[in-house]
Each structure stands twice: as structure tokens, then as C-alpha cells.
Amino acid sequence: MKIIITGGGGFLGSQLGQKLLQRGELTGPSGAPEKIRQIVLLDAVFHRPATDARVRQISGDISDRSTVFAAIGGEAATAIFHLASMVSGECEERFDDALRVNLDGGRNVFEAARAAAGRPRVIFASSIAGYGGAAMQDPNTDRTKLTPQTTYGMTKAICELLVNDHSRKGHFDGRTARLPTVIIRPGQPNAAASSWASGMFREPLKGVACALPVHRDQCHPMTGYRTVIDSLIALHEVPESQLGDDRSYVLPAHRVTPNLAEALVREVAAERGITPGPISEAFDARIQGIVSNWPVSVDGARATALGLPSPPPLKIIVEQYLEDFGQPAR
Ligand SMILES: NC(=O)c1ccc[n+]([C@@H]2O[C@H](COP(=O)([O-])OP(=O)(O)OC[C@H]3O[C@@H](n4cnc5c(N)ncnc54)[C@H](O)[C@@H]3O)[C@@H](O)[C@H]2O)c1
């Protein structure tokens, strides 16, 4: 099997690639595990070269149709994970680029999937930013109307509908994972309006201050990256007979506030002999305004019923991050 991961140089795409290489096989339309022959990572930027002979990195822009068609090719037995995207803060500042990359880029990926042989499975990484405004509930479910209040969320909601319609038409077998905010992103803060969600764990555990742009009691749905990677793979492996006409599944998440995160960081830091950095107030009305128009909670019962995993307790997510990226236990 050949696998394409757009956004394969990013936080989730690079880890998805690693996990698939470790597994060595993936179940697709044949219903049986198939050996992974090649993983093509398509991304605008790669931060490190590939070290596995099965991996091919293609540097390119998904808004360029010929680049996407060349990467996906016309072969049968292809799995496509579409993760490339501009992040929320960038989309809000650069409307035209957001449409070019997230919408036109998404359409290119879907059209290339449609042109490929064998009706591939396409997994699309959407976002809970698709929820917004007066339609929001507590919790939001797969039945909550999507009325996004950000350009990022709007592009995700449109792509979700495209995935459903391409699937209905038989162009490909699409499935959407609507992702809560995924913690803990390693490295530096990014331009996502949810960047603080990882920062309030990551920075204090490094012993440095985290500048918090939102209220300390701001509730936000969060899950761990290991669970998300497992969910994307599980969603690919679900037999199509178990899916209906709505291929979008919001993933289960914890309700997390900065107050809760701070208490947890203190507990983990004490156990590991780390002196935690402070979470300091740096209120930003622009970021708070975006976050206030996102859901405070989601109910992923429909994803769970499909067999997708739930996140472990928040403390385990923090410990997994330290194991994978941070200071080992003393
Ligand atoms: N991480 C989260 O908290 C979260 C939450 C909800 C949804 N998502 C979605 O999951 C997916 C992966 O998220 P992530 O956290 O890994 O983000 P990321 O920013 O780390 O990765 C996205 C990748 O897309 C690439 N990209 C951007 N524009 C491109 C273009 N024009 N052509 C080719 N590549 C381009 C970037 O270079 C980046 O490597 C995204 O679609 C994101 O919207 C993520």
C-alpha cells in the first residue's frame, strides 16, 4: 500500500508517518492488513530529512494542482491522510491565503483522490473550530449545527461537506476526524489561536514562563496527540459498511482550563523534581475573542461507538509528552 500524508512535515503528520512506519501495515478497502510499501509526505516545509527508505518527502504547495496530482498519482491501494492546513490565527489574518490553501488545496487533494484508481480512503483532519456562534451547545456533538465564526473553521466545515459529497458520489471513501485542540505540541508556540493550550503545559515544564492570552477559567476541549494519531489510523481502518451519510466524527476530549493545567503541571513537576515556570497573564483580546467563539466542550460518543479511542487522563497525556519530547523521569 502507498500512503500519502499531506502536512506530513507538521506536528501530527510527522507523528502519523512515524506510527505507520512502526506498524508496517494498514487495513484499507480490501479488509485485510496490507504491507506499507511507501509513505509520501507532502508539505511546504520539512524540518528534518527522512531516515526510512519507505519515506519520500515532497516539498510543495497543496494549492498547486499539479504538485498534488503528482504526489498522489493514479495508483490503486492508496491511502490519503489530508492534514496540510494553515492554522487558525493565520487564516483569520489572511483570508485569501486561507481560501487558497485550505479550500483550493483541499479540493486539489479530493480531486486527485477521485482520479486515483481503486476508490481510496481519504481521512481529513477537521477541527472543532467548525462549531461557533449561537448554535453552540455544551457539549457539542456531531448533531450540532456548524456555524463557524472564524475563517479557519469555515474552511474546515466546507471541506467536511465536500468529503461527504465525494463519498456519496462514490468518488472516494472519505472520513473526517473533527479534532479538538491537540496537546502537547513540542517546540515553539505557533500562530494557532489555541497555541496557549500546549504552551501552558510545555513552557512551565521547561522551567520557563508561559504568557497566557486567555482567561484562567477559559474552558477548552483538548486531547492528546497519541490518541489523535491512533484515531486517524482507526478511522481509516473502519469498514465502510459501518459508515452512514455523515462521515464527520468529533473526537472525544477533556474539558481543560488554564487553572486545571497549572495545578496538574505543579503536581507532575513536583514528582519529577522540576521547578515549573509560571503561567503569567498576557491577555490578548483578539485571541480571547476567537477562543470565546469556539466550543467549551464536545461529546465524541459517535466516534467512540465507531471504535475510535478516548484520550487517557490528562496527567497521562502530560507524562507521555515528557516521555516523547521532554525531560525523562528522575
Ligand atoms: N494540532 C491541533 O491542535 C489541531 C486541532 C484541530 C485540527 N487540527 C488540524 O490537524 C491538521 C494537522 O495539524 P498540526 O497540528 O499537525 O498542524 P501543523 O501546522 O503542525 O501541520 C500542518 C502542516 O501543513 C503544512 N502546510 C501549510 N500550508 C501548506 C501548503 N500550502 N502546502 C503544503 N503544506 C502546507 C505546514 O507546513 C505544516 O507542516 C491540520 O489540518 C489542522 O488544521 C489540528
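Obtain the nm distance between the two label points defined at residue 142 and residue 325 by a simple spin-label model: each point lies 7 Å from its Cα along the Cα-to-C-beta direction.
Those two pseudo-labels are separated by 2.9 nm.
Can you give the FRET efficiency to the nearest 0.05 for residue 272 and residue 30, using r as the Cβ-Cβ distance and R₀ = 35 Å?
On the way: r = 46 Å, r/R0 = 1.30.
The calculated FRET efficiency here is 0.15.
Per the helix-only calculation at 222 nm, which mean residue ellipticity applies to the chain, given -39500 (n - 2.57) for every DSSP H run of n ≥ 4 and division by its residues, nearest 500 deg cm²/dmol?
Taking each H run of at least 4 residues, the total per residue is -11500 deg cm²/dmol.
Please compute the net charge surrounding residue 137, taking Lys and Arg as +1 and Asp and Glu as -1 over other residues with Cβ under 10 Å from its Cβ.
So the surrounding residues net to 0.
Can you give me the long-range amide H partners of residue 58? Hydrogens built in the peptide plane at 1.01 Å from N, cutoff under 5 Å, separation of 5 or more residues or another chain.
Sorted by chain and number, the residues that satisfy this are 41, 42, 43.
What are the ³J(HN,Hα) couplings of the range 277-290, residue after residue, when phi is run through the Karplus curve with 6.51, -1.76, 1.60 and θ = phi - 60°? Round to Hz, x for glycine and proline.
Listing the rounded values in order: x, x, 9, 9, 5, 9, 4, 10, 4, 5, 5, 4, x, 5 Hz.
Normalised by the number of residues in the range 125-164, what is the relative contact order in percent for Cα pairs under 8 Å and 6+ residues apart?
45
Please list, in order along the range 163-172, the HN-Hα scalar couplings obtained from phi with the Karplus expression 6.51 cos²θ - 1.76 cosθ + 1.60 (θ = phi - 60°), rounded to whole Hz, x for Gly and Pro.
For the range 163-172, the Karplus curve yields 4, 4, 6, 4, 5, 4, 7, x, 5, 7 Hz.
Once amide H atoms are placed 1.01 Å from N in the peptide plane, what residues at a sequence separation of 5 or more from residue 86, or on another chain, have their amide H within under 5 Å of its amide H?
When sequence neighbours closer than 5 places are left aside, the close amide H contacts are 102.
State the dimensionless ratio Rg/Rh of the chain (Rg: radius of gyration of Cα atoms; Rh: Kirkwood radius).
0.95
Roughly speaking, what is the stretch gain from residue 115 to residue 306, that is 0.36 nm per residue apart minus the C-alpha to C-alpha distance, in nm to one decimal?
Separation in residues times 0.36 nm, less the Cα-Cα distance, equals 65.9 nm.
How far apart, in nm, are two points set 7 Å out from the Cα along the Cα-to-Cβ line at residue 237 and at residue 52?
1.5
Could you give me the ³J(HN,Hα) list for the range 40-54, computed from phi with Karplus coefficients 6.51, -1.76, 1.60 and θ = phi - 60°, whole Hz, x at Gly and Pro?
Couplings: 9, 9, 10, 7, 5, 9, 10, 8, 8, x, 6, 10, 10, 5, 7 Hz.
Compare 89, 105, 31 in a GNM of the chain, Cα atoms joined below 10 Å, and give the one with the largest fluctuation.
Among 89, 105, 31, the largest mean-square fluctuation in the Gaussian network model of the chain belongs to 31.
For 283, 81, 69, what ranking results if the residue with the fewest other Cβ atoms within 10 Å of its Cβ goes first?
Least crowded to most crowded, the residues run 283, 69, 81.
Treating only the Cβ of Lys, Arg, Asp and Glu as charged (+1, +1, -1, -1), what charge dipole size does the range 258-330 show about its Cα centre? Round to the nearest 20 debye.
60
Let a ≥ b ≥ c be the square roots of the eigenvalues of the Cα gyration tensor of the range 194-330; is it rounded (a/c under 1.5), or, if not, prolate (a/b larger than b/c) or oblate?
Oblate.
Name the most mobile residue of 82, 215, 47, meaning the one with the largest mean-square fluctuation, in a Gaussian network model of the chain with Cα contacts below 10 Å.
Checking each option, the largest mean-square fluctuation is seen for 47.
Using only Cα atoms, locate the centre of the range 18-95 and the centre of the range 134-188, then give the distance between them in Å, rounded to an integer.
What the calculation gives is 19 Å, centre to centre.
Give me the angle, in degrees from 0 to 90, between the Cα long axis of helix 195-206 and the longest principal axis of the Cα atoms of the chain, rounded to the nearest 10.
Rounded to the nearest ten degrees, it is 60.
Highest first, please rank the peptides 268-275, 289-296, 240-247 by the mean number of other Cβ atoms sitting within 10 Å of their residues.
289-296, 268-275, 240-247
What percent do you get for the relative contact order of the range 43-191 when only Cα pairs under 8 Å and 6+ apart count? Can you show the working numbers first?
Working: 237 pairs, mean separation 35.6, N = 149.
Averaging sequence separation for qualifying contacts and normalising by length gives 24 percent for the range 43-191.
Restricting attention to the range 35-76, which trypsin sites (Lys or Arg not before Pro) occupy a DSSP loop and are surrounded by at most 11 other Cβ atoms within 10 Å?
37
Once both labels are modelled 7 Å past Cα along the beta-carbon direction, what's the residue 61-residue 211 spacing in nm?
3.0
Which residues' amide hydrogens lie under 5 Å from the amide hydrogen of residue 256, considering only partners 5 or more residues apart or on another chain, with H built in the peptide plane?
Residues meeting the amide H criterion: 220, 222.
For the range 115-131 and the range 258-277, what is the separation of their C-alpha centers, rounded to whole Å?
Here the two parts' Cα centres lie 37 Å apart.
A short reminder: the numbers here are calculations on the coordinates, not readings from a lab. Just so we're clear, the structure is a prediction, and the values are computed from it rather than from any experiment. Cβ: placed from backbone, ideal geometry, glycine included. Neighbour counts: every protein chain shown.
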